[in-house]
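Q: The structure under discussion is supplied below as structure tokens; questions concerning it will follow.
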Amino acid sequence: EVQIGQTLKDHEYIGMVRREVLDDFLRNRAAENGAQLINGLFLGMQLPQKTGESYFLTYNDYNSAEGASRTGEKKTLEVDVVIGADGANSRVAKDIGAGDYEYAIAFQERMRIPDDKMEYYKDRAEMYVGEDVSPDFYAWVFPKCDHVAVGTGTVIDKKGIQRYQQGIRDRAAPRIAGGEVLRVEAHPIPEHPRPRRVNNRAALIGDAAGYVTKCSGEGIYFAAKSGRMCAERILINSEYGTRMIDEHDLKQHIREWDAKYGATYLVLDLLQKVFYTTDAQRESFVELCEEEYVQRVTFDSYLYKTVQGNDPVGDLKLGWQTLASLWKLGFA
């Protein structure tokens, strides 16, 4: 066990959000800025058959639905450009032939714990590693304002997720004792970008594109950032709506995204493969986290979303410590 975060400055922190709060805020802000909100379920779309033709989206509109059934009214929407921001199980991705990807299952219980225990988590988030909580990822206890999220994830043993969830419950038992489960959540987490992220005038962003980082499993920032970058590129290349964009314009966004964040994804993928595979490697990972330089590089990379570490001496020392730690624990 190691306490990390000693290199954080007073104004730096890792943000925790509740999606029900964040999503509501984003919807309301979009409406305030002119977006037309539709409470509906996207069913599929008809692709253009000729250059310049429209996309026709089919959806169930629930805006006027009443009662428990809420079957909705089937409607069609004609648009010039489609941005698929519909998550890991994206229907847009399926319709444009974006291909499949490997995914992890993340499972968590939102739990209200006694006030004295909640005070412990006021400024603390916990990560747990070990075969008992995940064979290839990590488990967590994260604060969510007035409750905590207790969960885990795995790629290689999805059927065993309940066993690993019990593992994190057992490991965190002294700190969550007396907790009441408020909600149970499970989500697929993409492990790498889809083979194809653009087709004609349709593009994918966020989880739909596969923009979740290895090692940390972070996706919210990259979902929001990819949406903003894609929208800005469309605005600029369409000359603010005065010309029709094409596939080349959207591929320019993909190139910009890969140039900005591609290295981050590659490095974190490598770190997960090196440190999350066996308990010996995990012990090495925990041992390395005691180093101030490791903490600084880790938090700088997490906070500012680029691969930090511009100190050649520090990087060389870190490389040697990594090899020594792995050797000592029987990996190398």
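Q: Which of (1) crowded, with 20+ Cβ neighbours inside 10 Å; (2) in contact with a strand residue (DSSP E or B) (Cβ under 8 Å, 6 or more places away or on another chain) does residue 136 not meet, given it meets every other one?
A: Only one criterion is unmet by residue 136, namely (1).
Q: Given the conditions (1) within 30 Å of residue 144 (Cβ to Cβ); (2) touching a residue at least 60 places away in the same chain (Cβ under 8 Å); (3) assigned to a loop (DSSP other than H, G, I, E, B), which single one is not true for residue 245?
A: Status for residue 245: all satisfied but (1).
Q: Name every residue in the stretch 88-101 that is in contact with a strand residue (DSSP E or B) (Cβ under 8 Å, 6 or more places away or on another chain) and over 15 Å from residue 59 (Cα atoms), in order of residue number.
A: Those that are in contact with a strand residue (DSSP E or B) (Cβ under 8 Å, 6 or more places away or on another chain) and over 15 Å from residue 59 (Cα atoms): 88, 89, 93, 96, 97, 98, 101.
Q: Then there is this: Can you pull out every residue in the stretch 24-40 that is open to solvent by 60 Å² or more (accessible area, probe 1.4 Å) and assigned to a helix (DSSP H, G or I)?
A: 24, 25, 26, 27, 28, 29, 32
Q: Could you grab me the full set of residues in the stretch 95-110 that are in contact with a Phe, Trp or Tyr (Cβ under 9 Å, 6 or more places away or on another chain) and either of a type in the set (Val, Ile, Thr) or open to solvent by 30 Å² or more (accessible area, probe 1.4 Å) (or both)?
A: Answer for the stretch 95-110, where residues must be in contact with a Phe, Trp or Tyr (Cβ under 9 Å, 6 or more places away or on another chain) and either of a type in the set (Val, Ile, Thr) or open to solvent by 30 Å² or more (accessible area, probe 1.4 Å) (or both): just 108.
Q: Next up: Report, by residue number, each residue of the stretch 252-269 that is farther than 24 Å from residue 137 by Cβ and under 22 Å from the mean Cα position of the chain (by Cα).
A: Those that are farther than 24 Å from residue 137 by Cβ and under 22 Å from the mean Cα position of the chain (by Cα): 253, 254, 255, 256, 257, 258, 259, 260.
Q: Next up: Does residue 269 qualify as being at pLDDT below 95 and either part of a helix (DSSP H, G or I) or open to solvent by 50 Å² or more (accessible area, probe 1.4 Å) (or both)?
A: yes
Q: Another one. Taking into account only those residues within the stretch 198-217 that are assigned to a loop (DSSP other than H, G, I, E, B) and of a type in the set (S, T, N, Q), which is farthest from the chain's Cα centre (by Cα)?
A: 200
Q: Please state which one of 148, 184, 198, 155 is touching a Lys or Arg at 6+ places or on another chain (Cβ under 9 Å) and within 30 Å of residue 266 (Cα to Cα).
A: When all the criteria are applied, what remains is 198.
Q: Considering the stretch 222-266 alone, what residues qualify as being more than 28 Å from residue 51 (Cβ to Cβ) and of a type outside the set (D, E, K, R)?
A: Listed by number, the residues that qualify are 222, 223, 224, 259, 261, 262, 263, 264, 265, 266.
Conditions tested, residue by residue: (1) at pLDDT 95 or above; (2) touching a strand residue (DSSP E or B) at 6+ places or on another chain (Cβ under 9 Å); (3) surrounded by fewer than 17 Cβ atoms within 10 Å (Cβ to Cβ); (4) of a type outside the set (A, V, I, L, M, F, W, C).
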residue	(1), (2), (3), (4)
170	yes, no, yes, yes
176	yes, yes, no, no
182	yes, yes, yes, no
185	yes, yes, yes, yes
196	yes, yes, yes, yes
202	yes, yes, no, no
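Q: Criterion first (under 18 Å from residue 224 (Cα atoms) and either under 17 Å from the mean Cα position of the chain (by Cα) or at pLDDT below 90 (or both)) does residue 302 satisfy it? Step through it out loud before you land on a result.
A: Details: under 18 Å from residue 224 (Cα atoms): yes; either under 17 Å from the mean Cα position of the chain (by Cα) or at pLDDT below 90 (or both): yes.
Here the answer is yes, as residue 302 does meet what is asked.
Q: Could you please find all residues in the stretch 208-259 being buried (at least 17 other Cβ atoms within 10 Å of the Cβ) and of a type in the set (Val, Ile, Thr)?
A: Correct list: 212, 213, 234, 245, 254.
Q: Which pairs do you get when a residue that is open to solvent by less than 30 Å² (accessible area, probe 1.4 Å), found in the stretch 141-168, comes within reach of a residue that is assigned to a helix (DSSP H, G or I) and not hydrophobic (A, V, I, L, M, F, W, C), reach meaning Cβ atoms under 6 angstrom, with the pair 6+ apart or on two chains?
A: From residues that are open to solvent by less than 30 Å² (accessible area, probe 1.4 Å), the pairs are 152/164; 152/165.
Results for (1) touching a helix residue (DSSP H, G or I) at 6+ places or on another chain (Cβ under 7 Å); (2) open to solvent by less than 100 Å² (accessible area, probe 1.4 Å); (3) in contact (Cβ under 8 Å) with a residue 12 or more places away in the chain, shown as yes or no for each residue.
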{"residue": "12", "(1), (2), (3)": "yes, yes, yes"}
{"residue": "18", "(1), (2), (3)": "no, yes, yes"}
{"residue": "42", "(1), (2), (3)": "yes, yes, yes"}
{"residue": "59", "(1), (2), (3)": "no, yes, yes"}
{"residue": "78", "(1), (2), (3)": "no, no, yes"}
{"residue": "88", "(1), (2), (3)": "yes, yes, yes"}
{"residue": "93", "(1), (2), (3)": "yes, yes, yes"}
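The values are calculated or read from the model by the stated rules, or taken from the named source; none is laboratory data. Model, not experiment: these values are computed from the prediction. Counting neighbours? That spans all protein chains shown, and the Cβs are built from the backbone with ideal geometry, glycine included. Surface areas here come from the heavy atoms of the whole protein model, side chains and all, with no ligands, DNA or RNA. Shrake-Rupley method; radii C 1.70, N 1.55, O 1.52, S 1.80 Å.
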